[in-house]
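J.: My questions all concern the structure below.
Every number in this text was worked out from the coordinates using simple rules, so none of it is lab data. Since we're looking at a predicted model, the values are computed, not measured. Note: ideal-geometry Cβ built from the backbone for every residue, glycine included; neighbour counts use all protein chains shown.
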Ligand code: ATP
């Protein structure tokens with residue numbers, strides 16, 4: 001058991017509903033162990049700038065239901081430099097911070113590794129609406145964003161039905177189509193197009209044409225932002241080739257806000273408490289993941305390699321440095337993730353008409 005007297009907590013990268021629940025859980029779990037908590041504002045930028053406040057339990061009261069992040073977030077390019085890193089270490093020493101919990105995405109975890117190897121044990125928690133961190137089945141914020149999307153699409157569908165229209169809705173998710181696939185499935189979209197799965201446009205247009213002939217009046221098509229620049233052109237082609245009046249809607253940043261759902265509040269709380277437990281056990285340079293509904297810890301280097309492998313970005317040189325046993329574990333995680341995604345995608349396609 002490593003002795004901790006004061007830890008810091010920060011949120012970094014894009015914000016996500018549920019981050020506050022994680023901050024609350026981290027703060028209260030640490031305070032219960034007699035460890036002080038410094039709330040660091042504006043991610044790694046705030047760490048370098050010494051922008052922080054000692055949190056008491058009441059500082060995190062009432063935030064579990066709030067979207068966004070009370071600690072604010074920022075992207076801090078300087079933190080990636082040795083100079084920025086040394087600034088951050090000096091601020092930690094000055095404020096007697098002897099461990100950090102960093103909530104964010106893969107960039108945040110790279111920063112966590114850099115701090116850990118320089119003597120500030122750091123633990124990452126995955127917070128992003130995109131669910132695009134391959135080492136974990138779930139990232140905090142996904143469920144809230146997905147529920148926002150389905151609420152909005154349900155409304156769009158009402159008006160599509162009235163006017164016998166098609167609406168092509170572009171949703172967030174960066175390069176991963178999870179938000180599009182699951183919201184498309186849950187709203188009965190006639191087609192879902194994502195960047196990582198080949199999309200049969202002709203078949204989709206044909207489905208719309210045949211369904212219209214059978215009397216269907218509302219058509220929802222969900223396109224992931226990862227299918228860059230595709231949605232608007234596709235909208236025009238649907239109208240031209242089917243005669244169904246078609247509109248394009250980009251939902252935008254409304255998807256990032258709002259009160260977190262039960263799933264996000266609970267998962268964020270579990271991950272926050274687990275992160276503190278692991279840090280106090282002496283673990284560092286790890287990210288908290290959900291695997292098969294269990295909360296587990298994974299080495300950040302391993303987790304980032306899983307992510308690169310899944311996204312086809314792992315170079316031969318990087319692969320050569322990974323042991324055979326680890327590589328097999330990584331491949332198994334990627335295979336499970338791919339299978340789950342395909343199952344959801346296929347169900348969306350099979351059940352849409
Ligand atoms: P999101 O998934 O929402 O984009 P993220 O954590 O991946 O979240 P980034 O902007 O990539 O978002 O990273 C957040 C911050 O982490 C950066 O602004 C920077 O301060 C730090 N960071 C990113 N990459 C590195 C790196 N290679 N080394 C050290 N710190 C990094």
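J.: Provide, for q = 0.13, 0.17, 0.19, 0.21 Å⁻¹, the log10 of I(q)/I(0) from a solvent-free Debye sum over equal Cα point scatterers in the range 115-183.
T.: Each listed q corresponds, in turn, to -0.50, -0.70, -0.79, -0.88.
J.: Tell me the Kirkwood radius of the range 71-121: reciprocal of the mean inverse pair distance over distinct alpha-carbon atoms, in Å.
T.: So the Kirkwood estimate lands at 11.3 Å.
J.: Something else about it: Along each principal axis of its Cα atoms, how long is the chain end to end? Whole angstroms, biggest number first, please.
T.: Taking max minus min along each principal axis of the Cα atoms, the chain gives 70, 48, 35 Å.
J.: Separate question: Let me know the Rg and Dmax you get for the range 87-202 when you use only its Cα atoms, in Å.
T.: 20.0, 64
J.: Once you sort the root eigenvalues of the Cα gyration tensor of the range 11-82 as a ≥ b ≥ c, which label holds: rounded (a/c under 1.5), prolate (a/b larger than b/c) or oblate (the other case)?
T.: Here the range 11-82 falls in the oblate category.
J.: List the relative contact order of the chain as a percent without decimals, with contacts defined as Cα pairs under 8 Å and 6+ residues apart.
T.: This gives 22 percent for the chain.
J.: Please work out whether the range 1-48 counts as rounded, prolate or oblate from its C-alpha gyration tensor, where a ≥ b ≥ c are the square roots of the eigenvalues and a/c under 1.5 means rounded, while otherwise a/b larger than b/c means prolate and anything else oblate?
T.: Since a/c reaches 1.5 but b/c is at least a/b, the shape of the range 1-48 is classed as oblate.
J.: Now for a separate question. Write down, largest first, the equivalent ellipsoid semi-axes of the range 235-353 in whole Å, where each equals the square root of 5 times an eigenvalue of the alpha-carbon gyration tensor.
T.: 36, 23, 14
J.: Once you keep just the Cα pairs under 8 angstrom separated by 6 or more residues, what percentage relative contact order results for the range 80-236?
T.: Reported as a whole number, the value is 20 percent.
J.: On to the next question. Anyone know which of 131, 95, 20 comes out most mobile in the 10 Å Cα GNM of the chain?
T.: Among 131, 95, 20, the largest mean-square fluctuation in the Gaussian network model of the chain belongs to 95.
J.: Right, another one. List the extent of the Cα atoms of the range 162-238 along each of their three principal axes, largest first, rounded to whole Å.
T.: 35, 22, 18
J.: Continuing with this model, one more query. So between residue 266 and residue 117, what do we pick up on full extension, going 0.36 nm a residue minus the alpha carbon distance?
T.: Contour length minus Cα-Cα distance gives 50.6 nm.
J.: Also, quick follow-up: Kirkwood hydrodynamic radius, computed over distinct alpha-carbon pairs, for the range 13-169: how many Å, to one decimal?
T.: Roughly 17.1 Å, rounded to one decimal.
J.: Could I ask something else about it? In nm, to one decimal, how far is the modelled label at residue 61 from the one at residue 217, with both set 7 Å along Cα→Cβ?
T.: Computed distance between label sites residue 61 and residue 217 equals 5.2 nm.
J.: Kindly provide the helix-only [θ] at 222 nm of the chain, computed as the sum of -39,500 (n - 2.57) over DSSP H runs of four or more divided by all residues, to the nearest 500 deg cm²/dmol?
T.: Result for the chain, helices only: -15000 deg cm²/dmol.
J.: Grab the Cα-Cα distance for residue 86 and residue 155, subtract it from 0.36 nm times how many residues apart they are, and report the gain in nm with one decimal.
T.: Net length gain for the segment: 19.8 nm.
J.: Kirkwood-based Rg over Rh for the range 175-291 (C-alpha set), two decimals?
T.: 1.16
J.: Starting from the alpha-carbon convex hull of the range 294-353, give the projected area averaged over all orientations, in nm².
T.: 5.3 nm²
J.: Given contacts defined as C-alpha pairs under 8 Å and at least six residues apart, what's the relative contact order of the range 41-88, whole-number percent?
T.: This gives 56 percent for the range 41-88.
J.: Still on this structure, please answer the following. Please give the Cα centre distance for the range 30-58 versus the range 214-258, rounded to the nearest Å.
T.: Each part reduced to its Cα centre gives a spacing of 43 Å.
J.: Roughly how many nanometres apart are two label points built 7 Å out from the Cα toward the Cβ at residue 316 and residue 340?
T.: 3.3 nm
J.: Here is a follow-up. Taking R0 as 56 Å, what FRET efficiency do you get between residue 228 and residue 50 from their Cβ-Cβ distance, rounded to the nearest 0.05?
T.: Calculated value: 0.90.
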